[in-house]
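To start, the structure itself, in structure tokens.
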Amino acid sequence: MVQSAWWFRHQAGRLVRRLSRDPRWHCVLAVSPDVEGLTSRVWPVNVARIAQGQGDLGARMAWVFRSFPSGPVVIIGADIPAIEPYHIARAFRALGDHDAVFGPADDGGYWLIGLKRMRALPPDLLGDVRWSSEHALMDSEAGLRDMRIARVDMLRDVDRASDL
């Protein structure tokens, strides 16, 4: 556990530094647990933070999407070492003519989800997803019925030490 926590802390820190420098978007960290994440001195002070809220991963991501004013929002995981600014730029470009975008992972999940958010979001957004399974991407896309969905680059996430 100590080695995992060390890796994640350093991986996430590098990722935040790499992506927050880009002037094309505004980075905000959605942290959990809420109180500890908001008060932690681990994260860079120049990057805004919000609490993820309660519930499973889908409920927390849906809450983040609903927390911002209308317009495009992209959420990424912090356990994907290969994310570069050009990946994020591709996702925002895809939202130009799509309602949603996913960055698939090779295990059936995804490392990125983005929504244009120009209309009301489904009340059950990301509510019926088999998280941490090979069905997560398929279930998430199915829940975005009637939306035009794009996919961007496939990247690998780190779920286990063997993924490194």
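Per-residue extension of 0.36 nm, minus the Cα-Cα distance of Ser4 and Ala82, leaves a gain of 26.3 nm for this segment. When only alpha carbons are used to place a centre, segment 123-161 and segment 6-61 end up 20 Å from one another.
Each residue of segment 49-65 is assigned a 3J(HN,Hα), and the resulting list reads 10, 10, 6, 6, x, 9, x, 6, 4, x, 5, 5, 5, 4, 4, 4, 4 Hz, derived from the Karplus form 6.51 cos²θ - 1.76 cosθ + 1.60 (θ = phi - 60°), x at Gly and Pro.
Counting only DSSP beta bridges with both residues in the chain, what percent are antiparallel, rounded to the nearest 5?
On the way: 9 of 17 bridges.
Just about 55 percent of them are antiparallel.
Binning the alpha carbon pair distances of the chain at 5 angstrom intervals from zero yields the distribution 1, 8, 17, 22, 24, 17, 8, 2, 0, expressed in whole percent. Between Asp124 and Phe68, the simple label model (points 7 Å from Cα in the Cβ direction) yields a spacing of 2.6 nm. Legend: P(r) of segment 1-44 from all alpha carbon pair distances, 5 Å bins from 0, whole percents, reading 5, 20, 24, 27, 16, 6, 2, 0. Note on Ala89 and Asp146: the extension gain reaches 18.1 nm, defined as 0.36 nm multiplied by sequence separation minus the Cα-Cα distance. Of the residues Ala89, Pro122, Met1, the one whose Cα sits farthest towards the positive end of the charge dipole of the chain is Ala89 (charges of +1 on Lys and Arg Cβ, -1 on Asp and Glu Cβ, taken about the Cα centre).
If you take all other residues with their beta carbon under 13 Å from the beta carbon of Trp25, and give Lys and Arg +1 and Asp and Glu -1, the sum is +4.
Whole-Hz Karplus values for segment 76-87 come out as 10, x, 9, 9, 10, x, 8, 5, 10, x, 5, 5 Hz, taken residue by residue from phi with 6.51 cos²θ - 1.76 cosθ + 1.60 and θ = phi - 60°; glycine and proline positions read x.
A short reminder: the numbers here are calculations on the coordinates, not readings from a lab. Bear in mind the structure is a predicted one, so any value in this text is a computation, not a measurement. Cβ sites come from the backbone with ideal geometry, for glycine too, and all protein chains shown count toward neighbours.
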